[in-house]
1. Just for strands (runs of 3 or more DSSP E) wholly inside region 337-422: which have at least 3 residues that are of a type in the set (S, T, N, Q)?
2. Being over 15 Å from the mean Cα position of the chain (by Cα) and touching a residue at least 60 places away in the same chain (Cβ under 8 Å) is the filter; apply it to region 326-337 and report the residue that is farthest from M636 (Cα to Cα).
3. Quick one: K488 ticks every box in (1) within 23 Å of N224 (Cα to Cα); (2) open to solvent by 10 Å² or more (accessible area, probe 1.4 Å) except a single one, so which number is it?
4. Of the conditions (1) within 28 Å of G322 (Cα to Cα); (2) open to solvent by 60 Å² or more (accessible area, probe 1.4 Å); (3) modelled with pLDDT of 95 or more, T688 satisfies every one except a single condition; which number is it?
5. Quick one: in region 104-156, which of the residues that are within 20 Å of E191 (Cβ to Cβ) and of a type in the set (F, W, Y) is most open to solvent (accessible area, probe 1.4 Å)?
6. Among (1) touching a His at 6+ places or on another chain (Cβ under 8 Å); (2) within 30 Å of P736 (Cβ to Cβ), which single condition is T660 missing?
7. Out of V352, V293, I need the residue that is more than 12 Å from the chain's Cα centre (by Cα), in contact (Cβ under 8 Å) with a residue 40 or more places away in the chain and surrounded by 19 or more Cβ atoms within 10 Å (Cβ to Cβ). Which one?
8. So which residues in region 188-223 are open to solvent by 10 Å² or more (accessible area, probe 1.4 Å) and assigned to a loop (DSSP other than H, G, I, E, B)?
Amino acid sequence: MGQCFHKACGSSYRHSVRRSDLCEVLSLQHWKGGTAAYPWEELWDVATCDSKVSSTPKASLQIQNKVGHIKRNHTCSEIHSGSAIGGRAAERGCRTMDSRSALVVYSVNLEKKENAAAHHTSEFQTQKLVLRRGQIFNIKVVLNRPLQPQDELKLVFSTGERMSHFVELDPMTSFRSKGWQVKITKQSGGEVTLAVISAADAMVGKYYLKVNESKGGIFFLLFNPWCADDSVYMPSEEERAEYILNDTGYIYMGFAKQIKEKPWTFGQFEKHILKCCFSLLTHLEPSELQSPVIVSRTICTMMCAVNNGVLVGNWSGDYSKGTAPYVWTSSVPILQQHFITKEPVCFGQCWVFSGILTTALRAVGIPARSVTNFESAHDTGKNLIVDIYLDESGKTITHLTKDSVWNFHVWTDAWMKRQDLPQGHDGWQVLDATPQEISEGGFRTGPSPLSAIRLGKVEIQYDTKFVFTEVNGDKFIWLVKQNQGREKNVLIAVETASIGKNISTKMVGENKREDITLQYKFPEGSPEERKAMEKAAGKHPDEDKPGRRPVNSMLQIHVLQNSVELGYPVTLTLVLKRKTATPQNVNISCSLDLQTYTGSQKTNLGIIQRTVQIQGQESEVVLSMDANSYIYKLGMVDDEVVIKGFIITEIVETGDKVATDTTLSFLYPAFSVEMPDTGKVNWPLLITCTFKNTLPIPLTNIRFSVESLALSNMQSWDQGTVPPGQSITFQMKCTPVKSGPKKFIVKFTSRQVKEVHAEKIILITK
C-alpha cells in the first residue's frame with residue numbers, strides 16, 4: 001500500500017498498486033515532452049479508483065493487471081511504430097515477461113561534490129564537474145526499473161571540437177574500452193551506481209556523457225599528477241600541493257645582488273580560467289590532447305598575442321593604450337578578459353607571461369612553477385657568447401652590441417615525462433611564452449628538459465640551445481679603440497661565471513625563495529660545467545679555445561654597492577686588487593646609464609673619470625654622482641628602471657686595461673599599510689595606506705590598488721599628484737565575496753616610483 005504524489009496525477013490517492021509502475025507510465029509522458037499517446041482516460045480511471053474498492057485484494061490485483069496491460073500494450077505499439085524509448089532494450093522488454101517495459105533513463109547524477117573532492121578539483125568555480133584522468137569517479141543512474149541481464153546500459157563519452165572522438169562503455173557487456181573501465185558498484189531497484197575509470201592517457205578537455213542516448217551531463221577532464229600511470233605524475237604530495245593546488249605565490253625580480261619578491265595571484269580555479277585554457281587548444285587533434293608535451297607547448301604558444309593568443313608584449317615604455325606590465329599582480333583578470341572578449345590583452349612583459357602560463361598549466365593539471373634567471377643572456381649570434389662593446393669612456397656602443405643581458409628573465413617550468421625523447425629527460429621542462437625567438441614558426445620556447453640544459457645537450461628538443469645560453473653563456477667585454485680613424489676591438493674582460501645567477505622559484509610549502517641554480521647547471525668553474533659548455537659548443541675538451549682564453553691582467557676590480565636610496569647621490573665603491581704592492585697610477589672611467597630590466601638603455605646619466613694612485617695589493621676608490629643626474633629622468637618611461645654602470649680601469653704605467661659592470665636598484669621610501677586580521681563576506685573591509693614622497697619633484701599619476709581572490713576583481717583608485725616632501729594617506733574600502741584565508745596585495749604606483757607593495761593574509765568568514 002502507498003500514497004502517490006506524482007505531479008501528473010493532479011491529486012493523491014491510496015491503493016495497493018506498485019507506485020513505481022504507475023509513476024513510470026506517468027513519467028514517460030513527461031520524458032516524451034507530453035507527446036506520448038497513452039490512454040490517459042483509462043489510466044485516470046485506475047488512478048482515481050475508489051479507495052474502498054482498491055483496498056480489497058481482488059481490486060488491487062485488478063488494478064495491477066490493468067496498469068501492466070496498459071504499459072505492455074503501449075510499449076509494443078511504439079516499437080512497431082519506430083518511436084519507442086530505449087530501442088532494443090524496449091523491444092526486449094516487450095518480449096520478456098520479467099522486464100515488461102523498455103529500459104528508460106530517468107536521470108544521471110555525476111555526483112559533483114563527492115567526485116570533485118576525490119579529484120582535488122572542488123575549488124574550480126564552474127558548474128561543471130572537473131575530473132582528473134586515470135582516477136575512479138562515480139555516476140548514479142536512475143532507471144524506470146531494475147536492470148535485467150539482457151539490458152543494454154551504454155555510456156558514451158564524447159570529446160573533441162566536433163565530438164569526433166568517443167569512448168563507449170557498457171557494464172552489462174563491454175566494461176572496458178580504450179583504457180577506460182566501468183563497473184556496477186551498487187544496485188537498489190532502478191537506482192544504479194557506476195564506477196568509471198578514465199584512461200591514464202585519455203584526452204584532456206570537455207566531455208559530453210550520454211547514457212542510452214539520454215544526456216548525462218558535461219565534465220572537464222584534466223591531467224592527473226596523483227595518478228602513477230599519468231605522464232605528469234608527481235610523487236610528492238607537498239609538491240603537488242604547491243605546483244598544482246596553490247593559487248598564490250611569488251615571482252622574483254630585481255637583479256642577482258638585490259632580489260625582490262613580487263606577490264602573484266595565479267588563480268587557476270577562478271571563474272572562466274579553465275574554459276579559457278581549453279579554448280586555446282581547440283585547434284589540436286584529439287590525439288594531441290593526450291600529450292602534456294604538445295598541450296604545454298601549445299598553451300605556451302597561445303599565451304602570446306603575436307601567435308593570435310592572450311597577451312601583447314610591450315617593452316617600449318609607453319602603455320597608454322593598455323595596462324602597464326608592472327601594474328598586474330594576477331593572472332586572473334588577464335585570462336578572464338581574453339576569454340570574454342576574445343581579444344588580446346595589453347600589455348605584458350616576461351613575468352606576466354610566466355604568471356599566466358603557470359596559471360594555465362596548473363589549471364589543466366600540469367605541475368608548474370614560475371622561475372627567474374638573474375643575469376639572463378640573450379645571445380642573438382647563437383654562439384654561446386654575449387658580446388658587449390664599449391667606447392673608451394665606458395659607454396655602450398649600441399649599434400655593435402646586438403646581444404643583451406637581462407637583469408632577470410622569468411619563464412615557467414612544467415613537470416612531465418618526455419616519452420618523445422631518449423631516456424633521462426623526464427622531470428622539469430622550461431617553457432617560455434615571452435616572444436623572443438621563433439621556434440617552428442611561432443614565438444615560443446620549450447618544453448626543454450633541465451637535464452639536457454645541465455649537460456649541454458643542446459640538440460634535445462625543444463629550443464634547448466637558446467635556454468642553455470640564457471643560463472650558461474660567457475660574457476665578453478670589448479673595448480673599441482680609435483686608431484687613426486680605424487676601429488680596433490680589444491678584449492678586456494671575459495666573464496665565465498656572470499650569466500645565469502641565483503635561479504629562483506618559490507619554495508615548496510613556504511613563502512621563501514628557493515635557489516635552484518644547480519638544477520640547471522653544474523657549479524661555475526667546475527670540470528662538469530666546462531664540459532657541458534664544450535659539448536654545447538660542439539667542441540672536444542682537448543681542443544684549443546682561443547675565444548675563451550682568460551684576459552691576463554695585473555688588476556682585478558669589483559663594486560661593493562648594489563642599490564641607491566631614492567633621492568640620494570649615486571655612490572660606487574670600487575675594490576681594486578693587484579698582485580703587487582708597488583704604487584701605480586690608475587685611470588678610471590665609469591659610464592652610468594638608466595636602463596630597463598632588459599638592458600635597454602633609456603638615457604646616459606653621465607661619465608665619471610678619475611685618476612688615482614693606488615698602493616698595496618688592495619685599494620678602495622669611491623665614485624659619486626649627484627642625485628639630480630637621475631631624479632628628473634625617472635618618469636621618462638613608464639617602467640621600473642635601474643642604473644647600469646660600465647667601469648674601465650687602466651694602469652698608466654703598463655697600459656693594462658680591465659673592465660666590469662654593475663647594476664644598482666632604487667630603494668623606495670617606506671610604504672605603510674594597515675589591514676585588519678579578519679573580515680566578513682559582503683562586509684566592507686578598510687585598508688589604510690600612507691606613502692611619503694622624499695624626492696624633490698612631484699610624484700604624478702598616483703594610484704593605489706588592492707587585489708585578492710576574496711574580491712570579485714582588482715580595485716584601484718587614482719589619487720593625482722603628491723608634492724615634494726609631502727605624504728599621502730588614503731583609505732580603501734573593498735568588499736570580500738569569498739570566505740577563507742585570503743591574501744590581499746596592496747600596491748602604490750606612480751609615474752616615477754614603481755613596485756611598492758604590501759601583502760597580508762586576512763581570514764574572511766561568512
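1. Details: elements: 345-348, 368-378, 385-390, 404-416.
Correct list: 368-378, 404-416.
2. Just the residues of region 326-337 that are over 15 Å from the mean Cα position of the chain (by Cα), to begin with: 326-327, 337.
Filter once more, so that each one left must be touching a residue at least 60 places away in the same chain (Cβ under 8 Å): 326-327.
Values: Y326: 16, V327: 17 Å.
Selected residue: V327.
3. Looking at each condition in turn, K488 falls short on (1).
4. (2)
5. Filtering region 104-156 down to residues within 20 Å of E191 (Cβ to Cβ) leaves 104-115, 129, 136-155.
So of that shortlist, the ones also of a type in the set (F, W, Y) come out as 106, 137.
On the way: Y106: 73, F137: 2 Å².
Per the stated criteria, the residue is Y106.
6. (2)
7. Values: V352 fails: more than 12 Å from the chain's Cα centre (by Cα).
Just one listed residue meets the conditions, V293.
8. G189, G190, A200, D201, M203, N212, E213
The values are calculated or read from the model by the stated rules, or taken from the named source; none is laboratory data. Computed from a prediction, not measured in an experiment: that's the story for all the values here. Don't worry about glycine lacking a Cβ; one is built from the backbone with ideal geometry, like all the others, and counts go over all protein chains shown. Just the protein is used for accessible areas: all its heavy atoms, side chains included, with ligands, DNA and RNA removed. Shrake-Rupley method; radii C 1.70, N 1.55, O 1.52, S 1.80 Å.
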